[in-house]
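Nothing in this text is a laboratory measurement; each read-out follows from the coordinates by a stated rule. Computed from a predicted structure; not experimentally measured. Positions of Cβ are backbone-derived with ideal geometry, glycine not excepted, and every protein chain shown enters the neighbour counts.
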Amino acid sequence: MKKILFLNSCVEWGGGEKWTFDTAEELHKRGYEVIVASVAESELYQRSQEVGIKTKVVPVKGTLSVLNPIKLFSFVNYLKREEIDTIFLNLSQDLKFGALAGKLAGVEQIIYRRGSAIPIKDRFYTKFLLGNCVSDIIANSQSTKDTILVNTSDWLKEDKIEIIYNGIKLDQVEVKAQGADIREEFGIKDDEILIANVGRLSKQKGHKCLIEAIDHLRKKIDNFKILLVGKGELEEELKKQVKELGLEDYIIFTGFRTDVYNIMSQIDFLLHTALWEGFGFVIAEAMAVAKTVVSTDVSNISEIIVSNKTGYLAKSKDPVDIAEKTLKMINNQDRDEMGQLAKQVIEDNFSFVDKVDELEELYLKNN
């Protein structure tokens, strides 16, 4: 069995960290010797310790960490000492630090997982890292693969990139979908439409546009509430925007929640307004509990949502169109049937076990 190290230095918890944790835990259960390397204060590091996965503190504090020879060669020596066979890298700063360290340590496989559909900048060190250090690249959608090649197709071979979608742990969905009564917790009436937006309160998730869309929506209908689930650097700015528009009666900030499936199971539908994505994991989570989705049509979202059958796609950065698609979903009498089809799409195409099987077959068993 190979000895595998996952390097992910992100302090906060997001889609990439969830993928890292879930995949590391599953491979650990399958008998691989797995190490999760992160910063000590990260949620990923703490969770990995809690479930008994071996951990390693790494001093990656930004893209310039690779320029610190003490940090770099300390990690190189660690990789040699531990006889690591495979490294999975997630962030750009991890790519710079981990790919070079792995190359210097003679690691057999250095795999960069790209989880965001943003073009890679064509710089000399990127060409060196992806062309000479990284052995394989994982894209979490076709859209992500396409954006990887936007600036690199002249020197990066397309067949070096494999698409492995994120997966949903189908066996856990029903259990995690149980919990406290969300309407009771937040004082939401039974006859009010309950919508949720789940994600880090950051520029990427398009909350400013979402709030503008709600301002348009409340002029046509007023029996709804929307939960903004998450925390982030824009929280105070978004709360100020909500107050200035007089939307306090419609928008509820819940903060970070660990019971996302429970929330998803009790809403009427999900509203997702991201400006870009890699995969859009919360969309798959909502669909897994048979909920429809209104989402901006960005990145790979159309690879998950079947337009007009499991959800509606709205124009990105267009509050009016987002409001119109949201109103259309509110008035849709076939939401339950659409939700059941959404659940079937996830079960057929995005099973977590199947996705780890793909990864194992591609990189671990055959090399």
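Couple of notes before you dig in:
- Evaluating 6.51 cos²θ - 1.76 cosθ + 1.60 at θ = phi - 60° for every residue in segment 248-255, the Karplus couplings come out as 4, 7, 10, 10, 10, 8, 8, x Hz, glycine and proline recorded as x.
- Stretch gain in nm, segment residue 237-residue 191, where the contour uses 0.36 nm per residue and the Cα spacing is subtracted: 13.5 nm
- Each Lys or Arg adds one and each Asp or Glu takes one away; over the other residues whose Cβ falls under 12 Å from the Cβ of residue 97, this sums to +3.
- Averaging Cα coordinates gives a centre for segment 248-313 and one for segment 164-191; these two points are 12 Å apart.
- Using the Cβ of residue 80 as centre and a radius below 15 Å, the other residues enclosed give a net charge of 0, where K and R count +1 and D and E count -1.
- For residue 52, the shell of other residues with beta-carbons less than 12 Å away shows a net charge of +1, using +1 for Lys and Arg and -1 for Asp and Glu.
- On the beta carbon distance between residue 30 and residue 159, with R0 = 25 Å, the FRET formula returns roughly 0.40.
- For segment 142-297: rounded, prolate or oblate by the Cα gyration tensor [a/c cutoff 1.5]: oblate
- Cα gyration tensor, segment 245-367 - rounded (a/c under 1.5), prolate or oblate: prolate
- Assuming charge only on the beta carbon of Lys and Arg (+1) and of Asp and Glu (-1), the dipole of the chain about its Cα centre is about 1280 debye to the nearest 20.
- Restricting segment 39-132 to trypsin sites (Lys or Arg not before Pro) in coil, as DSSP defines it, with at most 11 other Cβ within 10 Å: 121, 123
- GNM on the chain, alpha-carbon springs under 10 angstrom: the most fluctuating residue among 15, 115, 106 is 106.
- The sum of -39500 (n - 2.57) across all DSSP H runs of n ≥ 4, divided by the residue count of the chain, sets its helix-only mean residue ellipticity at 222 nm to -11000 deg cm²/dmol.
- Subtracting the Cα-Cα distance of residue 81 and residue 297 from 0.36 nm times their residue separation leaves 73.1 nm of extension gain.
- Compactness of segment 71-227 is given as radius of gyration and Dmax, 22.2, 65 Å, from Cα positions.
- A cut-off of 5 Å between modelled amide H atoms, ignoring neighbours fewer than 5 places along the same chain, links residue 272 with 294, 295, 296.
- Mean separation of Cα contacts under 8 Å (6+ apart) over length of the chain, as relative contact order %: 13 percent
- The string of couplings for segment 118-125 from the Karplus curve (6.51, -1.76, 1.60, θ = phi - 60°) is 10, x, 7, 6, 7, 10, 4, 6 Hz, one whole number per residue in order, with x for Gly and Pro.
- C-alpha center-to-center spacing [segment 2-81, segment 143-158] in angstrom: 27 Å
- Distance in nm between pseudo-label sites at residue 308 and residue 11 (7 Å out along the Cβ direction from Cα): 4.7 nm
- Once divided by 2.2 N^0.38 Å, the Cα radius of gyration of segment 116-184 becomes 1.67.
- Derived scalar couplings between HN and Hα for segment 78-84 equal 4, 4, 5, 4, 7, 6, 5 Hz in order, rounded to whole Hz, by the Karplus curve 6.51 cos²θ - 1.76 cosθ + 1.60 (θ = phi - 60°), x for Gly and Pro.
- Net length available on complete extension from residue 331 to residue 169 is 55.2 nm, with 0.36 nm assigned per residue and the Cα-Cα distance removed.
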